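Okay, so here's the structure we're looking at.
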Amino acid sequence: MGHIETVASALSTLEHQKQPSYQAHGSGWLVVSGTHGSQIYYIKEFIGSTNMDVLSISYPAADKNHWQSMVRAVSHSFKPGSL
């Protein structure tokens, strides 16, 4: 099976679709977050040669104080599988 997607192409797609206010990336991973309408979104991806592990969370911007610490905890515990 060939390479699914590169970090650069995944980041480009997310930038085009969501216009993030925050982004970070490295070799084999990326994180983007921002607002889309009345929602806050957070996306973290690990991209390997044959698969991707994706964490995607969205919630109402009005509930930011309630969700922010939970998103932080989940995102720190989210690790890649076999890449």
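Computed extension gain for Glu15 through Gln68, at 0.36 nm per residue and net of the alpha carbon distance, reaches 16.9 nm.
Near the amide H of Asn51, within less than 5 Å, lie the amide hydrogens of Ile4, all on another chain or at least 5 residues away, with H placed in the peptide plane. Against the main long axis of the alpha-carbon atoms of the chain, helix 64-77 sits at an angle near 20°.
Phi angles of the stretch 44-57 translate, via the Karplus equation with coefficients 6.51, -1.76, 1.60 and θ = phi - 60°, into HN-Hα couplings of 10, 10, 10, 10, x, 6, 10, 7, 10, 10, 10, 10, 9, 10 Hz per residue; Gly and Pro are given as x. Each residue in Asp63, Asp53 was given a count of other beta-carbon atoms within 10 angstrom of its own, and listing them fewest first yields Asp63, Asp53. For Gly28, the amide hydrogen comes within under 5 Å of the amide hydrogens of Val7, counting only partners 5 or more places away or on other chains and with H modelled in the peptide plane.
What the phi angles of the stretch 20-37 give under the Karplus curve with 6.51, -1.76 and 1.60, with θ = phi - 60°, is a coupling list of x, 8, 9, 8, 8, 7, x, 6, x, 8, 7, 9, 9, 8, x, 10, 9, x Hz, glycine and proline written as x. The residues neighbouring Ala73, those whose beta-carbon lies less than 14 Å from its own, together hold a net charge of +3 under the Lys/Arg +1, Asp/Glu -1 convention. Which net charge results for the neighbourhood of Ile40, defined as the other residues with beta-carbon distances under 13 angstrom from its beta-carbon, given Lys and Arg at +1 and Asp and Glu at -1? Result for the local shell: +2.
Laboratory data are not the source of any read-out in this text; all were calculated from the coordinates shown. Treat the numbers as computed from the prediction; the structure is a model and nothing was measured. For neighbour counting, all protein chains shown are included, and Cβ atoms are generated from backbone atoms with ideal geometry for every residue, glycine included.
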